[in-house]
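What follows is a set of notes on a single structure, which appears directly below.
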Amino acid sequence: MMSKKTIRTTKFEASVSEQLPAGRIGARLRAWRRNKNMTLDELALATGLNKSFLSRIEKDAKAPSIATVLKLSRALDIPVALLFGEQVADSDIHLVRTANRQPEEDPVHGYSFVSLSPAGPGRRAEAFLMTPPAHFSEATNAEHSGEESLYVITGRVEVKFADRSVVMGPGDFLQFPGHLVHHVRRVGARATVLIVISRD
């Protein structure tokens, strides 16, 4: 004989036609799928759900049933609460204390930087602090995918592109496509720049 608790659970699972509000789960589902290095095809295979249906959920164009959320949580091996946004994974929050920063220095070219972002695949942005060299050099010649943003914290810096240069002071902000070849140097004795690179 089923207990009252078992009966209540069965009735709860049977009410899967009740849907969750759209716009709540899509972004979290996409983030966790990428975190697990899964494609939509792989997630569809693991859950038995249609790929286009999953794509619509990720775009918040379709609200998943509770049964669908349960399948997704099992396939991704995460608690349902993470998809609902009611629980935060420890790996989602990355804090770097000032005392724990370890600068990497290049005494030959006269610059240093501190990586602020956590290591690992799947990261869509990288942030670091940089003390630019006093002179342009091949060591600071950069070209990459995505977008780059620079924010000057202290001092003055010059960012050189193929046909122009931009001089920036404290509080100035610059953003540009990473495929543009660029060099950075400090103008003066000291300067610190926050650099964020967003990947495609």
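Laid out as a table, the results:
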| item | result |
| --- | --- |
| Gly85, sole failed condition from (1) at pLDDT 85 or above; (2) open to solvent by 30 Å² or more (accessible area, probe 1.4 Å); (3) more than 30 Å from Arg190 (Cβ to Cβ) | (1) |
| Those residues of the range 153-176 which are of a type outside the set (D, E, K, R), open to solvent by 90 Å² or more (accessible area, probe 1.4 Å) and touching a residue at least 24 places away in the same chain (Cβ under 8 Å), in sequence order | Phe173, Gln175 |
| Checklist (1) under 30 Å from Met38 (Cα atoms); (2) open to solvent by 70 Å² or more (accessible area, probe 1.4 Å) applied to Ala127, failing item | (2) |
| Checking Ala31 against (1) open to solvent by 40 Å² or more (accessible area, probe 1.4 Å); (2) at pLDDT 90 or above, the condition it does not meet | (2) |
| So His179, is it open to solvent by 80 Å² or more (accessible area, probe 1.4 Å), assigned to a loop (DSSP other than H, G, I, E, B) and touching a residue at least 24 places away in the same chain (Cβ under 8 Å) | yes |
| Sole exception among (1) touching a Gly at 6+ places or on another chain (Cβ under 8 Å); (2) crowded, with 17+ Cβ neighbours inside 10 Å for Pro132, by number | (1) |
| Matching residues, the range 36-64, being closer than 14 Å to Ile25 by Cβ and either open to solvent by 20 Å² or more (accessible area, probe 1.4 Å) or free of Cβ contacts under 8 Å to residues at least 12 places away in the same chain (or both) | Leu49, Phe53, Ser55, Arg56, Lys59, Asp60, Ala61, Lys62 |
| Members of the range 137-152 found to be among the hydrophobic types (A, V, I, L, M, F, W, C) and surrounded by 16 or more Cβ atoms within 10 Å (Cβ to Cβ), listed by number | Leu150, Val152 |
| Residue among Glu158, Glu143 that alone is out of contact with any His (no Cβ under 6 Å at 6 or more places or on another chain) and within 30 Å of Asn35 (Cα to Cα) | Glu143 |
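The values are calculated or read from the model by the stated rules, or taken from the named source; none is laboratory data. For clarity, every value in this text was computed on a predicted model and none was experimentally measured. Ideal geometry is used to build each Cβ from the backbone, glycine not excepted, and the neighbour counts take in all protein chains shown. Side chains included, ligands, DNA and RNA excluded: accessible areas come from the protein's heavy atoms. Shrake-Rupley method; radii C 1.70, N 1.55, O 1.52, S 1.80 Å.
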